[in-house]
Amino acid sequence: MSSATATPRLDFAGSPINKALTAEQKIDLFRKMVRIRRFEQTALKYYNGGKIGGFLHLYIGQESVAVGTLSLCGENDHNITAYRCHGHALTSGMEMNPLMAELFGKATGCSKGKGGSMHFFAPDKNYWGGHGIVGGQTPLGLGLGYGLKYLGKEGCALCYLGDGAVNQGAFHESLNIAALFEIPVIYVIENNGYSMGTSQKRSSAYRGCLAQRAEAYDMEWDVIDGSDLYEVRAKTHIAMERARKQHKPAILEINTYRYYGHSVADANAKKYRSPEEIENYKTNFDPIRLWRKRLVEEGVATEEQLDAIDKEAANEATASVKFAEESPAPTIEDVMTDVYWETDNNTPASKLGRHFFTD
């Protein structure tokens, strides 16, 4: 992975979008990343303790991708992702309490306890959720971009996917339509190197990188070091501005790494990856560690200030567990709600037994 090489890299701190950051905004980027990590660490503890059912896809190690890209979003920018969705949810502005309650399957959860780990949603925050079908979110991301263009709004859609989803047919169909109709959507490949337990080289055919496939659709593309928050912001900003103002789609491949398995249930996580590989990334390319070092070097914050922020995030995560444990479970009466909008709202279509065709 390019993020784990010794090749000298450019310093993107001087890019216009990064030079515009205030000290408080830089600290807030740190706060957002440690909130994700503490939430995920706490979720892992209670999943292993049997409090959380289903799957749990942790975002630990990839925090700078969601935080760096979503920090660039404005009122008319939307985002959607796959099942490794906790980081995007928190960065989009969702609170820990309803997210942890959702993991615990409680009625106070963001999806009323019915979605679980893979289905966090907050349309009111322009966050259109996590999706469990591999690549299934890619045509939906295209639709978000289409809607923005149709409504004449200057914005773009960020659609996240893993490196394992790039071979799905729906993704390629989406790329074709995005380029053909000039849709303001940016596909962000969060390349953590492994499609579940299969390395990129064994799962995908490519020449230089995965993002280069954009050339087949006459689309712009770029590759980004996900351990460098400044680079994530600088390069993503270019693509977002092009999408907003010119309705040009793009593919961004952000090289990153996950510390745990594909999901917590991935028992072979340390078999297809060596312990040395994992430790090397943690030691030399951890995005939170690197950003923390940068803030101290720039004189933006002290170690003590950053420790306090980290502790605050840990306390918030612990409090969210208390909220989840004390929350009620969904009732049997709720089992048929939130399936079809028509039935929930007692529309004429709900009386017909067919919701899409009335002729």
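If you take the beta carbon distance between E75 and W341 as r and set R0 to 30 Å, what does 1/(1 + (r/R0)^6) give as a FRET efficiency, to the nearest 0.05?
0.75
Over the C-alpha atoms of the range 194-304, what are the Rg and the largest Cα-to-Cα span, Dmax, in Å?
Cα-based Rg and Dmax for the range 194-304 come out at 17.2, 50 Å.
Stretched out fully, how many nm does the piece from Q41 to R207 gain, at 0.36 nm a residue minus the Cα gap?
Computed gain between Q41 and R207 is 56.1 nm.
Sum -39500 (n - 2.57) across every DSSP H segment of at least 4 residues in the chain, then divide by the residue count to get the 222 nm mean residue ellipticity, nearest 500.
Values: 14 runs with 154 residues, N = 359.
So the helix-based figure for the chain works out to -13000 deg cm²/dmol.
Identify the trypsin sites (Lys or Arg not before Pro) of the range 184-259 meeting these criteria: DSSP loop state and at most 11 other C-beta atoms within 10 Å of the C-beta.
Taking the range 184-259 and a limit of 11 other Cβ atoms within 10 Å, the loop trypsin sites (Lys or Arg not before Pro) found are R207.
Return the FRET efficiency for the residue pair M196, E276: r is the Cβ-Cβ distance, R0 is 30 Å, and the value is rounded to the nearest 0.05.
0.90
Using +1 on the beta carbon of Lys and Arg, -1 on that of Asp and Glu, and nothing else charged, what's the dipole of the chain about the Cα centre, debye to 20?
My answer is approximately 500 debye.
Counting Lys +1, Arg +1, Asp -1, Glu -1, what net charge surrounds E182 among other residues with beta carbon under 9 Å of its beta carbon? Spell out each step's value before the answer.
Values: positive: K149, K248; negative: none.
Overall, the nearby charge balance is +2.
Stretch A319-K153 to full length: gain in nm at 0.36 nm per residue minus the Cα-Cα span?
Length difference between fully extended and current span is 55.9 nm.
Compute for the chain: radius of gyration divided by Kirkwood radius, i.e. Rg/Rh, restricted to C-alpha atoms, rounded to two decimals.
Over the Cα atoms of the chain, Rg/Rh equals 0.97.
Round to a whole angstrom and tell me the spacing of the C-alpha centers of the range 326-340 and the range 168-199.
34
Under the 0.36 nm per residue contour assumption, what length would be gained going from the current alpha-carbon distance of K293 and I332 to full extension?
Stretched out fully, the K293 to I332 stretch lengthens by 9.0 nm.
Taken together, the values in this text are just the output of simple stated rules run on the coordinates, not laboratory data. Because the structure is a prediction, the values reported are computed rather than measured. Neighbour counts are summed over all protein chains in view; Cβ atoms, including those assigned to glycine, are modelled from backbone coordinates with ideal geometry.
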